[in-house]
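Here is the structure we will look at.
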Amino acid sequence: MSATSRNKGAAGEREVARIMRASGWNDAKRTSRGVTQAGTGDIVGGPPGYHIEVKRDERLSMQAALAQAARDCPPEMVPVVVRRWNGDTRWLI
């Protein structure tokens with residue numbers, strides 16, 4: 001993965017964490033710091049019981065994204081994919 005792709009993904013995670021904090025989940029933050037995050041998702045401190053994966057990609061395969069979220073999600077949590085296309089301002093869940 002290129003540095004540009006990593007930076008775009010990290011920016012998306014920060015943006016979703018900001019939106020969640022503005023919505024009342026004050027402890028929401030991104031988890032990735034270049035190390036494995038198995039079982040935690042891209043965002044922690046958000047709605048309890050949800051494993052949140054953030055995707056920003058023009059050619060995203062929703063099947064692949066949902067499969068990743070389900071694979072990485074602990075059994076007691078619900079996998080969720082939050083997605084935004086480049087150039088769009090809307091995040092879709």
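The values are calculated or read from the model by the stated rules, or taken from the named source; none is laboratory data. The structure presented is a predicted model; accordingly, all values stated were derived computationally and were not measured. For neighbour counting, all protein chains shown are included, and Cβ atoms are generated from backbone atoms with ideal geometry for every residue, glycine included. Heavy atoms of the whole protein, side chains included, go into the accessibility calculation; ligands, DNA and RNA do not. Shrake-Rupley method; radii C 1.70, N 1.55, O 1.52, S 1.80 Å.
Worth a mention:
- log₁₀ of I(q)/I(0) at q = 0.18, 0.22, 0.24 Å⁻¹ - the chain, Debye sum with one point per alpha carbon: -0.79, -1.21, -1.43
- Accessible area per residue for the chain is 63 Å², calculated with a 1.4 Å probe on protein heavy atoms, without ligands, DNA or RNA.
- Considering only alpha-carbon pairs that sit under 8 angstrom and 6 or more positions apart, the relative contact order computed for the chain is 22 percent.
- Carbon and sulfur %, accessible surface of the stretch 17-93 computed with the full protein complex present, 1.4 Å: 54 percent
- Estimated from helices alone, the mean residue ellipticity of the chain at 222 nm is -11000 deg cm²/dmol (sum of -39500 (n - 2.57) over DSSP H runs with n ≥ 4, per residue).
- Residue-wise HN-Hα coupling along the stretch 14-21, computed from phi with Karplus coefficients 6.51, -1.76, 1.60 (Hz; x: Gly, Pro): 5, 5, 5, 4, 4, 4, 5, 5
- Counting DSSP beta bridges with both ends in the chain, the antiparallel % (nearest 5): 35 percent
- Selection of GluC sites (Glu not before Pro), the stretch 24-93, meeting DSSP coil and at most 13 other Cβ within 10 Å: Glu58, Glu76
- Taking Gly46, Gly24, Gly12 in turn, the Gaussian network model of the chain (Cα-Cα springs below 10 Å) assigns the largest fluctuation to Gly24.
- Inter-probe distance in nm under a simple model that places probes 7 Å from Cα toward Cβ, at Ser61 and Thr89: 3.3 nm
- When you filter the trypsin sites (Lys or Arg not before Pro) in the chain for DSSP loop state and at most 11 other Cβ atoms inside 10 Å of their Cβ, you are left with Arg33, Arg59, Arg90.
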